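See below for the structure under consideration.
The values are calculated or read from the model by the stated rules, or taken from the named source; none is laboratory data. Worth saying up front: this structure is predicted, and the values here are computed from it rather than measured. Cβ atoms come from the backbone with ideal geometry, glycine included; neighbour counts cover every protein chain shown. The area values use the complete protein model at the heavy-atom level, side chains included, leaving out ligands, DNA and RNA. Shrake-Rupley method; radii C 1.70, N 1.55, O 1.52, S 1.80 Å.
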Amino acid sequence: MKNILVTGATGFIGSHTSVELLENGYNVIGIDNLYNSYKDVLLKIEKITKKSIKFYEGDILDYTLLKKIFKENRIDCVIHFAALKAVGESVEKPMEYYYNNVSGTLNVLNCMKEFDCKNFIYSSSATVYDKDNSIPYLENYKKSATSPYGYTKIMIEQVLNDIYVADNDFSCVMLRYFNPIGAHKSALIGENPKGIPNNLMPYICDVAMSKRKFLNVFGNDYDTIDGTGVRDYVHVVDVAKGHVEAMKYVLVSRGNIGINLGTGKGTSVLELVKCFEKVSGKKINFKICPRRDGDIGEFYADTNKAKEILGWESKFDIEDMCLDSWNYIRFNT
Ligand code: NAD
Ligand code: UFG
(Lines give C-alpha, C1' and ligand atoms only; values in the text may rest on other atoms or scores of the structure.)
(Ligands and ions follow the chains in the order given, each with its own letter.)
Protein backbone atom coordinates (compact mmCIF):
# COMPACT_ATOMS: atom_id res chain seq x y z
CA MET A 1 0.00 0.00 0.00
CA LYS A 2 1.32 3.43 -0.93
CA ASN A 3 1.67 6.07 1.78
CA ILE A 4 0.59 9.54 0.69
CA LEU A 5 1.42 12.60 2.78
CA VAL A 6 -1.35 15.18 2.39
CA THR A 7 -0.49 18.65 3.71
CA GLY A 8 -3.56 20.78 4.46
CA ALA A 9 -5.47 17.49 4.90
CA THR A 10 -8.41 18.95 6.83
CA GLY A 11 -8.90 21.87 4.42
CA PHE A 12 -11.52 22.11 1.69
CA ILE A 13 -9.72 20.35 -1.17
CA GLY A 14 -7.40 18.33 1.11
CA SER A 15 -10.31 16.65 2.92
CA HIS A 16 -12.08 15.66 -0.29
CA THR A 17 -8.84 14.36 -1.77
CA SER A 18 -8.13 12.36 1.39
CA VAL A 19 -11.55 10.69 0.99
CA GLU A 20 -10.81 9.74 -2.62
CA LEU A 21 -7.35 8.44 -1.70
CA LEU A 22 -8.69 6.29 1.15
CA GLU A 23 -11.49 4.96 -1.07
CA ASN A 24 -8.91 4.02 -3.69
CA GLY A 25 -6.82 2.00 -1.24
CA TYR A 26 -4.06 4.47 -0.36
CA ASN A 27 -2.84 5.19 3.16
CA VAL A 28 -3.21 8.85 4.01
CA ILE A 29 -0.86 10.60 6.40
CA GLY A 30 -2.14 14.13 7.02
CA ILE A 31 -0.70 17.31 8.45
CA ASP A 32 -2.61 20.53 9.15
CA ASN A 33 -2.19 23.36 11.66
CA LEU A 34 -6.00 23.92 11.63
CA TYR A 35 -5.52 27.60 10.78
CA ASN A 36 -8.38 27.43 8.29
CA SER A 37 -10.08 24.12 9.10
CA TYR A 38 -11.46 22.05 11.95
CA LYS A 39 -10.30 18.84 13.55
CA ASP A 40 -13.74 17.21 13.38
CA VAL A 41 -13.21 16.89 9.62
CA LEU A 42 -11.13 13.81 10.50
CA LEU A 43 -14.16 12.11 12.07
CA LYS A 44 -16.28 13.03 9.06
CA ILE A 45 -13.72 11.50 6.71
CA GLU A 46 -13.77 8.37 8.86
CA LYS A 47 -17.56 8.27 8.71
CA ILE A 48 -17.54 8.49 4.91
CA THR A 49 -14.73 6.03 4.21
CA LYS A 50 -14.73 3.77 7.31
CA LYS A 51 -10.97 4.35 7.29
CA SER A 52 -8.82 6.85 9.10
CA ILE A 53 -6.06 9.29 8.35
CA LYS A 54 -2.89 9.16 10.41
CA PHE A 55 -3.01 12.81 11.43
CA TYR A 56 -0.31 15.14 12.71
CA GLU A 57 -1.59 18.46 14.03
CA GLY A 58 1.12 21.00 13.29
CA ASP A 59 2.81 23.36 10.90
CA ILE A 60 4.74 22.65 7.72
CA LEU A 61 7.09 25.42 8.85
CA ASP A 62 8.14 23.10 11.69
CA TYR A 63 10.99 21.11 10.12
CA THR A 64 11.38 18.90 13.19
CA LEU A 65 7.78 17.78 12.85
CA LEU A 66 8.19 17.13 9.12
CA LYS A 67 11.25 14.98 9.84
CA LYS A 68 9.29 13.04 12.46
CA ILE A 69 6.54 12.36 9.91
CA PHE A 70 9.00 11.16 7.28
CA LYS A 71 10.84 9.03 9.86
CA GLU A 72 7.67 7.38 11.13
CA ASN A 73 6.18 6.75 7.68
CA ARG A 74 7.75 5.71 4.39
CA ILE A 75 6.21 8.45 2.23
CA ASP A 76 5.75 7.53 -1.44
CA CYS A 77 4.23 10.82 -2.60
CA VAL A 78 3.39 14.23 -1.17
CA ILE A 79 0.22 16.10 -2.16
CA HIS A 80 0.79 19.65 -0.99
CA PHE A 81 -2.31 21.75 -0.27
CA ALA A 82 -1.26 23.66 2.87
CA ALA A 83 -1.24 27.38 2.10
CA LEU A 84 -2.95 30.66 2.84
CA LYS A 85 -5.30 31.48 -0.02
CA ALA A 86 -7.07 34.83 0.39
CA VAL A 87 -5.97 37.02 -2.52
CA GLY A 88 -6.98 40.36 -0.92
CA GLU A 89 -5.43 39.49 2.44
CA SER A 90 -2.14 38.65 0.72
CA VAL A 91 -1.90 42.26 -0.47
CA GLU A 92 -2.25 43.45 3.15
CA LYS A 93 0.05 40.79 4.60
CA PRO A 94 2.63 39.86 1.94
CA MET A 95 5.24 38.58 4.40
CA GLU A 96 2.80 36.13 6.00
CA TYR A 97 1.94 34.79 2.55
CA TYR A 98 5.53 34.48 1.31
CA TYR A 99 6.65 32.92 4.59
CA ASN A 100 3.80 30.42 4.89
CA ASN A 101 3.39 29.52 1.22
CA VAL A 102 6.94 29.78 -0.08
CA SER A 103 9.08 28.95 2.98
CA GLY A 104 6.52 26.30 4.03
CA THR A 105 6.72 24.60 0.63
CA LEU A 106 10.54 24.81 0.59
CA ASN A 107 10.52 23.09 3.99
CA VAL A 108 8.38 20.25 2.64
CA LEU A 109 10.59 19.91 -0.47
CA ASN A 110 13.77 19.95 1.64
CA CYS A 111 12.46 17.22 3.87
CA MET A 112 11.45 15.16 0.82
CA LYS A 113 15.02 15.53 -0.46
CA GLU A 114 16.44 14.45 2.88
CA PHE A 115 14.29 11.29 2.83
CA ASP A 116 14.72 10.67 -0.91
CA CYS A 117 11.02 11.10 -1.73
CA LYS A 118 10.74 12.38 -5.31
CA ASN A 119 7.01 12.38 -6.06
CA PHE A 120 5.12 15.63 -5.59
CA ILE A 121 1.75 17.11 -6.47
CA TYR A 122 1.43 20.83 -6.09
CA SER A 123 -1.75 22.91 -5.60
CA SER A 124 -1.25 25.64 -8.12
CA SER A 125 -3.92 27.92 -9.49
CA ALA A 126 -5.37 29.54 -12.59
CA THR A 127 -4.17 32.75 -10.96
CA VAL A 128 -0.67 32.05 -12.40
CA TYR A 129 -1.86 32.92 -15.92
CA ASP A 130 -1.26 36.44 -17.21
CA LYS A 131 -4.63 38.17 -17.44
CA ASP A 132 -3.98 39.28 -21.03
CA ASN A 133 -3.96 35.70 -22.32
CA SER A 134 -6.93 34.78 -24.51
CA ILE A 135 -9.48 32.26 -23.23
CA PRO A 136 -9.60 29.32 -22.75
CA TYR A 137 -6.36 29.29 -20.76
CA LEU A 138 -3.73 26.84 -22.01
CA GLU A 139 -1.01 25.44 -19.78
CA ASN A 140 1.82 26.95 -21.84
CA TYR A 141 0.47 30.50 -21.57
CA LYS A 142 2.53 33.38 -20.22
CA LYS A 143 2.48 33.60 -16.41
CA SER A 144 2.17 36.64 -14.17
CA ALA A 145 0.40 37.60 -10.98
CA THR A 146 -1.48 40.55 -9.55
CA SER A 147 -1.10 39.67 -5.85
CA PRO A 148 1.50 38.24 -3.46
CA TYR A 149 -0.69 35.10 -3.26
CA GLY A 150 -0.40 34.69 -7.04
CA TYR A 151 3.35 35.23 -6.89
CA THR A 152 3.75 32.50 -4.25
CA LYS A 153 2.24 30.07 -6.77
CA ILE A 154 4.46 31.29 -9.62
CA MET A 155 7.58 31.21 -7.43
CA ILE A 156 6.98 27.62 -6.34
CA GLU A 157 6.24 26.54 -9.92
CA GLN A 158 9.69 27.95 -10.82
CA VAL A 159 11.31 26.13 -7.89
CA LEU A 160 9.72 22.85 -9.03
CA ASN A 161 10.98 23.37 -12.60
CA ASP A 162 14.48 23.99 -11.27
CA ILE A 163 14.41 20.91 -9.02
CA TYR A 164 13.59 18.76 -12.04
CA VAL A 165 16.40 20.31 -14.09
CA ALA A 166 18.85 19.40 -11.31
CA ASP A 167 17.37 15.94 -10.70
CA ASN A 168 15.69 14.16 -13.60
CA ASP A 169 14.27 11.53 -11.22
CA PHE A 170 11.96 14.15 -9.73
CA SER A 171 8.30 13.64 -10.65
CA CYS A 172 5.79 16.42 -10.21
CA VAL A 173 2.41 17.58 -11.42
CA MET A 174 1.40 21.18 -10.75
CA LEU A 175 -2.39 21.16 -10.79
CA ARG A 176 -3.82 24.55 -11.69
CA TYR A 177 -7.33 24.66 -10.26
CA PHE A 178 -9.91 27.03 -11.64
CA ASN A 179 -12.80 27.66 -9.22
CA PRO A 180 -13.50 24.64 -6.98
CA ILE A 181 -16.93 24.68 -5.28
CA GLY A 182 -19.48 22.05 -4.17
CA ALA A 183 -19.07 19.47 -1.43
CA HIS A 184 -19.11 15.74 -0.81
CA LYS A 185 -22.50 14.08 -1.48
CA SER A 186 -22.69 12.94 2.16
CA ALA A 187 -22.88 16.64 3.17
CA LEU A 188 -20.35 15.78 5.89
CA ILE A 189 -17.41 17.72 4.45
CA GLY A 190 -17.38 20.91 2.40
CA GLU A 191 -16.13 24.46 2.33
CA ASN A 192 -16.28 26.16 5.68
CA PRO A 193 -14.00 29.21 5.62
CA LYS A 194 -13.26 30.96 8.90
CA GLY A 195 -14.30 34.66 8.86
CA ILE A 196 -15.99 36.63 6.07
CA PRO A 197 -15.95 34.63 2.82
CA ASN A 198 -13.86 36.02 -0.04
CA ASN A 199 -15.22 33.73 -2.72
CA LEU A 200 -18.55 33.74 -4.44
CA MET A 201 -20.08 30.39 -3.44
CA PRO A 202 -19.42 30.65 0.32
CA TYR A 203 -20.86 34.16 0.20
CA ILE A 204 -24.01 32.98 -1.62
CA CYS A 205 -24.36 30.27 1.05
CA ASP A 206 -24.13 32.88 3.81
CA VAL A 207 -26.95 34.87 2.17
CA ALA A 208 -29.05 31.70 1.80
CA MET A 209 -28.54 31.01 5.52
CA SER A 210 -29.56 34.64 6.34
CA LYS A 211 -26.09 35.31 7.80
CA ARG A 212 -25.77 38.21 5.35
CA LYS A 213 -28.55 40.30 3.82
CA PHE A 214 -27.37 40.36 0.23
CA LEU A 215 -24.60 39.41 -2.14
CA ASN A 216 -22.39 42.16 -3.53
CA VAL A 217 -22.05 41.49 -7.25
CA PHE A 218 -18.72 42.97 -8.27
CA GLY A 219 -19.52 44.64 -11.60
CA ASN A 220 -22.15 44.12 -14.29
CA ASP A 221 -20.35 45.94 -17.08
CA TYR A 222 -17.93 43.24 -18.23
CA ASP A 223 -18.03 42.02 -21.80
CA THR A 224 -19.75 38.77 -20.79
CA ILE A 225 -23.15 37.11 -21.30
CA ASP A 226 -24.89 39.31 -18.68
CA GLY A 227 -22.10 41.74 -17.75
CA THR A 228 -21.08 39.87 -14.57
CA GLY A 229 -17.81 37.95 -14.10
CA VAL A 230 -17.50 34.52 -15.71
CA ARG A 231 -15.47 31.71 -14.12
CA ASP A 232 -14.86 28.00 -14.58
CA TYR A 233 -16.52 26.44 -11.49
CA VAL A 234 -15.46 22.85 -10.94
CA HIS A 235 -16.84 20.39 -8.38
CA VAL A 236 -14.41 19.74 -5.52
CA VAL A 237 -15.00 15.98 -5.81
CA ASP A 238 -13.93 16.15 -9.46
CA VAL A 239 -10.86 18.11 -8.34
CA ALA A 240 -10.14 15.47 -5.67
CA LYS A 241 -10.42 12.67 -8.25
CA GLY A 242 -8.02 14.65 -10.44
CA HIS A 243 -5.44 14.35 -7.64
CA VAL A 244 -5.77 10.58 -7.52
CA GLU A 245 -5.15 10.41 -11.27
CA ALA A 246 -2.24 12.86 -10.99
CA MET A 247 -0.77 10.78 -8.19
CA LYS A 248 -0.96 7.56 -10.20
CA TYR A 249 0.78 9.40 -13.04
CA VAL A 250 3.48 10.90 -10.82
CA LEU A 251 4.31 7.48 -9.33
CA VAL A 252 5.17 6.01 -12.74
CA SER A 253 6.69 8.97 -14.59
CA ARG A 254 9.42 11.59 -14.36
CA GLY A 255 9.30 15.32 -15.12
CA ASN A 256 7.39 18.39 -14.07
CA ILE A 257 4.18 19.43 -15.78
CA GLY A 258 1.42 21.97 -15.21
CA ILE A 259 -2.13 20.72 -15.78
CA ASN A 260 -5.42 22.65 -15.60
CA LEU A 261 -8.29 21.25 -13.53
CA GLY A 262 -11.48 22.88 -14.73
CA THR A 263 -14.59 22.03 -16.72
CA GLY A 264 -13.78 24.19 -19.74
CA LYS A 265 -17.13 25.98 -19.30
CA GLY A 266 -17.76 29.50 -18.04
CA THR A 267 -20.62 30.52 -15.72
CA SER A 268 -21.47 34.12 -14.80
CA VAL A 269 -22.14 35.36 -11.26
CA LEU A 270 -25.84 35.82 -12.02
CA GLU A 271 -26.10 32.40 -13.69
CA LEU A 272 -24.62 30.81 -10.57
CA VAL A 273 -27.02 32.78 -8.36
CA LYS A 274 -30.02 31.66 -10.45
CA CYS A 275 -28.92 28.04 -10.39
CA PHE A 276 -28.41 28.17 -6.62
CA GLU A 277 -31.89 29.66 -6.15
CA LYS A 278 -33.39 26.89 -8.27
CA VAL A 279 -31.82 23.98 -6.40
CA SER A 280 -32.16 25.47 -2.90
CA GLY A 281 -35.52 27.22 -3.19
CA LYS A 282 -33.88 30.20 -1.43
CA LYS A 283 -33.97 33.77 -2.72
CA ILE A 284 -30.50 35.29 -3.02
CA ASN A 285 -30.79 39.06 -2.81
CA PHE A 286 -27.96 40.93 -4.45
CA LYS A 287 -26.71 44.45 -5.14
CA ILE A 288 -24.64 45.48 -8.10
CA CYS A 289 -21.40 47.08 -6.86
CA PRO A 290 -18.30 48.44 -8.57
CA ARG A 291 -15.81 45.97 -10.01
CA ARG A 292 -13.44 44.35 -7.49
CA ASP A 293 -9.79 45.44 -7.85
CA GLY A 294 -7.72 42.94 -9.79
CA ASP A 295 -10.73 41.00 -11.17
CA ILE A 296 -11.03 40.22 -14.85
CA GLY A 297 -14.24 39.63 -16.80
CA GLU A 298 -13.92 36.07 -17.95
CA PHE A 299 -11.68 33.02 -17.86
CA TYR A 300 -12.02 29.29 -18.11
CA ALA A 301 -9.75 26.34 -18.71
CA ASP A 302 -8.64 24.45 -21.73
CA THR A 303 -9.00 20.91 -20.33
CA ASN A 304 -7.40 18.81 -23.09
CA LYS A 305 -4.10 18.22 -21.29
CA ALA A 306 -5.81 16.77 -18.21
CA LYS A 307 -7.74 14.43 -20.48
CA GLU A 308 -4.74 13.37 -22.55
CA ILE A 309 -2.20 12.95 -19.75
CA LEU A 310 -4.30 11.99 -16.73
CA GLY A 311 -7.40 10.59 -18.44
CA TRP A 312 -9.34 13.01 -16.21
CA GLU A 313 -12.48 14.96 -17.07
CA SER A 314 -14.97 16.71 -14.81
CA LYS A 315 -18.27 14.85 -14.34
CA PHE A 316 -20.42 17.18 -12.25
CA ASP A 317 -22.34 20.20 -13.55
CA ILE A 318 -23.27 23.53 -12.01
CA GLU A 319 -26.54 22.19 -10.55
CA ASP A 320 -24.66 19.41 -8.73
CA MET A 321 -22.17 21.98 -7.43
CA CYS A 322 -24.88 24.34 -6.13
CA LEU A 323 -26.93 21.54 -4.58
CA ASP A 324 -23.95 19.93 -2.84
CA SER A 325 -22.68 23.29 -1.51
CA TRP A 326 -26.15 24.10 -0.23
CA ASN A 327 -26.70 20.70 1.42
CA TYR A 328 -23.36 20.92 3.16
CA ILE A 329 -24.04 24.43 4.48
CA ARG A 330 -27.61 23.83 5.61
CA PHE A 331 -26.72 20.66 7.51
CA ASN A 332 -23.54 22.00 9.08
CA THR A 333 -24.08 25.60 10.16
P1 NAD B 1 -8.12 25.59 2.75
O2 NAD B 1 -7.73 26.83 3.46
O3 NAD B 1 -9.47 25.04 2.96
O4 NAD B 1 -7.06 24.45 3.06
C5 NAD B 1 -5.69 24.70 3.30
C6 NAD B 1 -5.34 24.01 4.60
O7 NAD B 1 -3.95 24.21 4.88
C8 NAD B 1 -6.12 24.55 5.80
O9 NAD B 1 -6.74 23.47 6.48
C10 NAD B 1 -5.06 25.22 6.66
O11 NAD B 1 -5.35 25.12 8.03
C12 NAD B 1 -3.81 24.49 6.25
N13 NAD B 1 -2.56 25.24 6.40
C14 NAD B 1 -2.29 26.49 5.95
N15 NAD B 1 -1.02 26.81 6.26
C16 NAD B 1 -0.49 25.76 6.92
C17 NAD B 1 0.77 25.50 7.50
N18 NAD B 1 1.76 26.41 7.50
N19 NAD B 1 0.99 24.29 8.09
C20 NAD B 1 0.00 23.36 8.13
N21 NAD B 1 -1.22 23.57 7.61
C22 NAD B 1 -1.46 24.75 7.00
O23 NAD B 1 -7.86 25.85 1.18
P24 NAD B 1 -8.25 24.97 -0.07
O25 NAD B 1 -9.32 25.68 -0.80
O26 NAD B 1 -8.43 23.55 0.32
O27 NAD B 1 -6.93 25.14 -0.93
C28 NAD B 1 -5.92 24.14 -0.96
C29 NAD B 1 -4.80 24.60 -1.89
O30 NAD B 1 -5.35 24.85 -3.19
C31 NAD B 1 -4.11 25.88 -1.47
O32 NAD B 1 -2.73 25.74 -1.76
C33 NAD B 1 -4.72 26.93 -2.37
O34 NAD B 1 -3.84 28.00 -2.59
C35 NAD B 1 -4.96 26.12 -3.64
N36 NAD B 1 -6.03 26.68 -4.51
C37 NAD B 1 -7.30 26.79 -4.00
C38 NAD B 1 -8.31 27.32 -4.81
C39 NAD B 1 -9.70 27.50 -4.28
O40 NAD B 1 -10.48 28.27 -4.89
N41 NAD B 1 -10.10 26.82 -3.21
C42 NAD B 1 -8.03 27.72 -6.13
C43 NAD B 1 -6.72 27.56 -6.61
C44 NAD B 1 -5.73 27.03 -5.78
N1 UFG C 1 -17.82 37.78 -6.84
C2 UFG C 1 -18.87 38.61 -6.55
N3 UFG C 1 -19.18 38.80 -5.23
C4 UFG C 1 -18.51 38.18 -4.21
C5 UFG C 1 -17.44 37.33 -4.53
C6 UFG C 1 -17.11 37.16 -5.87
O7 UFG C 1 -19.50 39.18 -7.44
O8 UFG C 1 -18.84 38.41 -3.04
C9 UFG C 1 -17.49 37.54 -8.27
C10 UFG C 1 -16.08 37.95 -8.65
O11 UFG C 1 -16.03 39.30 -9.02
C12 UFG C 1 -15.78 36.98 -9.80
C13 UFG C 1 -16.57 35.72 -9.41
O14 UFG C 1 -17.55 36.15 -8.48
O15 UFG C 1 -16.32 37.47 -11.00
C16 UFG C 1 -15.71 34.65 -8.74
O17 UFG C 1 -15.01 35.25 -7.67
P18 UFG C 1 -14.24 34.35 -6.56
O19 UFG C 1 -13.68 35.29 -5.57
O20 UFG C 1 -15.13 33.27 -6.09
O21 UFG C 1 -13.09 33.65 -7.44
P22 UFG C 1 -11.89 34.28 -8.27
O23 UFG C 1 -12.03 33.76 -9.67
O24 UFG C 1 -11.79 35.73 -8.10
O25 UFG C 1 -10.63 33.64 -7.56
C26 UFG C 1 -10.56 32.27 -7.21
C27 UFG C 1 -9.61 32.09 -6.02
C28 UFG C 1 -8.21 32.43 -6.44
C29 UFG C 1 -7.83 31.64 -7.65
C30 UFG C 1 -8.83 31.84 -8.76
C31 UFG C 1 -8.49 30.99 -9.94
O32 UFG C 1 -10.00 32.92 -4.95
O33 UFG C 1 -7.33 32.07 -5.41
O34 UFG C 1 -10.15 31.51 -8.30
O35 UFG C 1 -8.35 29.67 -9.52
F36 UFG C 1 -6.62 32.03 -8.07
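Numbers for the structure displayed
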item: Test: residue in the stretch 117-129 that is open to solvent by 50 Å² or more (accessible area, probe 1.4 Å) and either modelled with pLDDT under 95 or of a type in the set (Phe, Trp, Tyr) (or both); result: no
item: Test: residue in the stretch 61-70 that is closer than 21 Å to LEU175 by Cα and either more than 12 Å from ligand 1 (Cβ to nearest atom) or modelled with pLDDT of 95 or more (or both); result: no
item: Filter pass, SER103 being out of contact with any helix residue (DSSP H, G or I) (no Cβ under 7 Å at 6 or more places or on another chain), open to solvent by less than 60 Å² (accessible area, probe 1.4 Å) and farther than 25 Å from TYR300 by Cβ; result: yes
item: Test: residue in the stretch 77-85 that is within 16 Å of ligand 2 (Cβ to nearest atom) and open to solvent by 70 Å² or more (accessible area, probe 1.4 Å); result: yes
item: Filter pass, GLY14 being within 11 Å of ligand 1 (Cβ to nearest atom), assigned to a helix (DSSP H, G or I) and either at pLDDT 95 or above or touching a Pro at 6+ places or on another chain (Cβ under 7 Å) (or both); result: yes
item: Residues within the stretch 166-224 that are assigned to a strand (DSSP E or B), crowded, with 18+ Cβ neighbours inside 10 Å and of a type outside the set (Lys, Arg), tallied; result: 11
item: In the stretch 134-156, residue farthest from ligand 2 (Cβ to nearest atom) [restricted to those that are more than 19 Å from ALA86 (Cα to Cα) and open to solvent by less than 30 Å² (accessible area, probe 1.4 Å)]; result: GLU139
item: The stretch 21-39 - residue that is closer than 23 Å to ASP238 by Cα and either within 16 Å of ligand 2 (Cβ to nearest atom) or charged (D, E, K, R) (or both) and, of those, surrounded by the most Cβ atoms within 10 Å (Cβ to Cβ); result: ASP32
item: Residue in the stretch 52-70 that is open to solvent by 20 Å² or more (accessible area, probe 1.4 Å) and over 21 Å from CYS111 (Cα atoms) present; result: yes
